[in-house]
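Report on the structure given below.
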Amino acid sequence: MRQPLIIGLGRAGAGLHLRALRTALDRSPGLWHGPVVAVDPRPGERAPVPDGVTVTAALDEARALLPPERAVVHVCTPPATRLAVLAELAAAGYRDLVVEKPLAADATELAAVTALVTRYALRVVVVAHWPASGLADRLRASLASGERGRLLRIDVVQHKPRFTRGLRPDDGHPTAFDVEVPHSLGLVLSLAGPAEATGARLTGLRIGETVRPGLGSAVLDLLHAGGARTRIHSDLTAPVRERRVTLTFERGTVVGHFAPSDADDHVQLDVDGRREVFRDDALTAFLHRAYHRFATVPAEEPSWGADFALHADVVRILDAAKRHCAADAAGERDEEARRAVAR
């Protein structure tokens, strides 16, 4: 029987994973057992300890309570610390990992994470509850039916106000590409297949005289190998939350509205103007499947590698988008300097 070990009791660990784990256990008794053990890597900033959670200050202390052979580790730390946390877990003997998105911060870290997975035979599940959701299944069914013809494009809107966290110097998310976009990018790759970035844009988060470069909004344009095009737009300064995916076919459209937050697990599907509302607790379902896989699928099964490859593609595409934006920003600075000299 497996037991959860959560690394990081912030928004993802305490607010999302813990809630979903308890809901999954209610629906499927025996899925996991015992108290949840957690490591809080932020001493002095700890929120009140959730009921039923044993909090430790370091991994070696947690290991004494929960050895690797019994643990499913939830890595809920920010992307900037991801590699160091994974390396420490692997060296301590932990092999079954549920990792928050994105898998790595950039292509260099991805290579290091890949080396860890290979060296230690890690079984890694990246949190991707959008592709695993019931709503995504309905979108795939629309694609598979072929009744609306060829898929022409996908448009994703992923907006939410994120001022307080975005202004924190220790936020841990380098750009707006690292916050919401990994969810939708994994989804569109699972729907329309492999893709390459054809354009990218970042804006800063501005409040008065305060500016956090790259943490305002992100736009990512893709061309899929099958010919469809995708645009993902995520605005972290938007006044309202919205998570919408529009599939445009030769004959008609299909629109999926994901739940805007964890406050309500209802989603909406609009097919050629006909709307349906249904419950879709995607994260709970995702974690239920992950624990079942850890219990039943051996490490040598090829599906582990296939899943990892998709999330590696997410990192690769986002890395290319960030480098494109950095080059554009450098070019703009050079142009401004030339104009200043000319004046």
Notebook entry, point to check: Among the residues of region 205-237 satisfying the criterion of being buried (at least 17 other Cβ atoms within 10 Å of the Cβ) and of a type in the set (Gly, Ala, Ser), which is farthest from the chain's Cα centre (by Cα)?
Noted result: Ala228
Next item on the list: Determine if region 305-321 includes at least one residue that is small (Gly, Ala, Ser), at pLDDT below 95 and touching a His at 6+ places or on another chain (Cβ under 7 Å).
Entry: no
Next item on the list: Could you pull out the residue among Val98, Val117, Val113, Val73 that is closer than 24 Å to Pro182 by Cα, of a type outside the set (Phe, Trp, Tyr), at pLDDT 95 or above and in contact with a Phe, Trp or Tyr (Cβ under 6 Å, 6 or more places away or on another chain)?
Entry: Val73
Check: Can you spot a residue in region 273-281 that is in the same structural domain as Ser142 (by TED's automatic domain parsing), in contact with a Phe, Trp or Tyr (Cβ under 8 Å, 6 or more places away or on another chain) and free of Cβ contacts under 8 Å to residues at least 24 places away in the same chain?
Finding: no
Item checked: Counted residues, region 76-95 - those being crowded, with 19+ Cβ neighbours inside 10 Å and within 14 Å of Val37 (Cβ to Cβ) -> 3
Check: Looking at (1) surrounded by fewer than 19 Cβ atoms within 10 Å (Cβ to Cβ); (2) among the hydroxyl-bearing types (Ser, Thr, Tyr); (3) not in a helix (DSSP H, G or I), which is the only condition Thr23 fails?
Finding: (3)
Item checked: Members of region 51-68 found to be hydrophobic (A, V, I, L, M, F, W, C) and surrounded by fewer than 16 Cβ atoms within 10 Å (Cβ to Cβ), listed by number -> Ala57, Ala58, Ala64, Leu65
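The values are calculated or read from the model by the stated rules, or taken from the named source; none is laboratory data. Quantities reported herein were computed from a predicted structural model and do not represent experimental measurements. FYI the Cβ positions are ideal-geometry reconstructions off the backbone, even for glycines, and counts take in every protein chain you see.
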